[in-house]
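Below is one structure, written out as structure tokens, with a few remarks after it.
The values are calculated or read from the model by the stated rules, or taken from the named source; none is laboratory data. Everything quoted here is computed from the prediction, not taken from an experiment. Cβ coordinates were reconstructed from backbone atoms using ideal geometry, including for glycine residues, and neighbour counts include every protein chain displayed. SASA here: full protein model, heavy atoms, side chains in, ligands and nucleic acids out. Shrake-Rupley method; radii C 1.70, N 1.55, O 1.52, S 1.80 Å.
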Amino acid sequence: MSRTIEAIMRHMTVPSNGVSHQRNGTEKMERKFTVRKRHYIWSEARFVRAMMPFQSNVRVGYNGTEVDGKSVLDLMTLTPPDGSTVRVRAEGPDAVQAIHAIDELMKPQPDED
């Protein structure tokens, strides 16, 4: 195979983490959040719904395990107890917005005790 064809194929390949244009505007952000199951703030389905609109790769880590933040089943395997701290890492063109969306999701609601 010629070098030109190899170069074209290399540029056509999507990166394994799903983020395109890594050199052009990829953001990385990481933050820790406290799980509050008592008020259903840590609902896996709510978390995934909040993350689905974003192109960024979202990873959630707890107790040495890291899973896909856009998979309900993966999040269910973490089983963080109430009051524990999880680490959320977002990488992609809208990572800052994804972390901001988690901030909003984790804020106490007015009807909570």
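From the list Arg59, Arg49, the lone residue that is at pLDDT 95 or above and basic (Lys, Arg) is Arg59. Taking the conditions exactly as written (free of Cβ contacts under 8 Å to residues at least 60 places away in the same chain and of a type in the set (A, V, I, L, M, F, W, C)), does Ala101 satisfy them or not? Yes; evaluated as a whole, the condition is true for this residue. In region 62-88, of all residues being open to solvent by 30 Å² or more (accessible area, probe 1.4 Å) and closer than 20 Å to Lys107 by Cβ, the one that is modelled with the highest pLDDT corresponds to Arg87.
Please work out if Asp103 is farther than 14 Å from Arg36 by Cα, modelled with pLDDT under 95 and of a type in the set (D, E, K, R).
Numbers: farther than 14 Å from Arg36 by Cα: no; modelled with pLDDT under 95: yes; of a type in the set (D, E, K, R): yes.
No.
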